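The values are calculated or read from the model by the stated rules, or taken from the named source; none is laboratory data. Just so we're clear, the structure is a prediction, and the values are computed from it rather than from any experiment. Note: ideal-geometry Cβ built from the backbone for every residue, glycine included; neighbour counts use all protein chains shown. Only protein heavy atoms, including side chains, enter the accessible area calculation; ligands, DNA and RNA are left aside. Shrake-Rupley method; radii C 1.70, N 1.55, O 1.52, S 1.80 Å.
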Amino acid sequence: NAGVTQTPKFRILKIGQSMTLQCTQDMNHNYMYWYRQDPGMGLKLIYYSVGAGITDKGEVPNGYNVSRSTTEDFPLRLELAAPSQTSVYFCASSYGQGLNQPQHFGDGTRLSIL
Amino acid sequence: DQQVKQNSPSLSVQEGRISILNCDYTNSMFDYFLWYKKYPAEGPTFLISISSIKDKNEDGRFTVFLNKSAKHLSLHIVPSQPGDSAVYFCAATSTNAGNNRKLIWGLGTSLAVNP
């Protein structure tokens, strides 16, 4: 059972480059989330989706875009990479937002912008 | 403005003893709380949760206590094992936000259980 799969695991970008972080889940979960975790900090929500075709901003959406064309996939796009976007990015999914429906996380993408 | 606070960045305990991890929150609208555990190079994994209608929830060696009047919760691990060494995150949310509820995370506490 793969759960939530994120690719790539590591990436170094130059300032101004663009890239897409991939996230896919095989649990048929409706909800998907993108977080970033800066060193020594908690997780901050970037974007989330409550189902295919529906996305919404989280706490720190600036500089990012998302799409949700299928239930399984929720890619995160960085258009013009900036050093402030150096972070570890986590994708998560959940069946719903009920009390017994916790979020399941991928292992993260470590991104450095130089 | 940190709405969920884990004031101890690290904690070290001996194997077999009790580990107590603390979490404070400021938003009185929070009514559901979760603990996640995170190993290096992995994503967080759900550990245990508690609703504000309870003051205690237990799952094996893990117990979470909630003190609503003090806006404080704690995670007890008894007995602690070396495999429990990880970073523990406290997270909170308001179920009144409907389908758009978001988890607010603390900064984490790094637990080291020494053999």
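Could you tell me whether any residue of segment A:88-107 is open to solvent by 30 Å² or more (accessible area, probe 1.4 Å), small (Gly, Ala, Ser) and on the phi < 0 side of the Ramachandran plot? Checked segment A:88-107: no residue is open to solvent by 30 Å² or more (accessible area, probe 1.4 Å), small (Gly, Ala, Ser) and on the phi < 0 side of the Ramachandran plot.
For A:Thr55, are the conditions met, namely being β-branched (Val, Ile, Thr), under 16 Å from B:Gly43 (Cα atoms) and crowded, with 17+ Cβ neighbours inside 10 Å? Spelling it out, it is not the case that A:Thr55 is β-branched (Val, Ile, Thr), under 16 Å from B:Gly43 (Cα atoms) and crowded, with 17+ Cβ neighbours inside 10 Å.
Scanning segment B:60-115 for residues that are surrounded by fewer than 13 Cβ atoms within 10 Å (Cβ to Cβ) and either within 18 Å of B:Ser12 (Cβ to Cβ) or among the hydrophobic types (A, V, I, L, M, F, W, C) (or both) yields B:Ala70, B:Pro82, B:Gly83, B:Ala97, B:Asn114, B:Pro115. Only a single item in (1) open to solvent by 70 Å² or more (accessible area, probe 1.4 Å); (2) part of a loop (DSSP other than H, G, I, E, B) is not met by A:His29, and it is number (1). Residues in segment B:9-50 that are open to solvent by 20 Å² or more (accessible area, probe 1.4 Å), among the hydroxyl-bearing types (Ser, Thr, Tyr) and modelled with pLDDT of 95 or more were compared, and the one that is nearest to B:Asn114 (Cα to Cα) is B:Ser12. Within segment A:97-108, residues that are facing another protein chain (nearest Cβ under 7 Å) and free of Cβ contacts under 8 Å to residues at least 12 places away in the same chain sit with their Cβ atoms under 8 Å from residues that are surrounded by 14 or more Cβ atoms within 10 Å (Cβ to Cβ) and of a type in the set (A, V, I, L, M), at 6+ positions apart or across chains, in these pairs: A:Pro102/B:Leu34.
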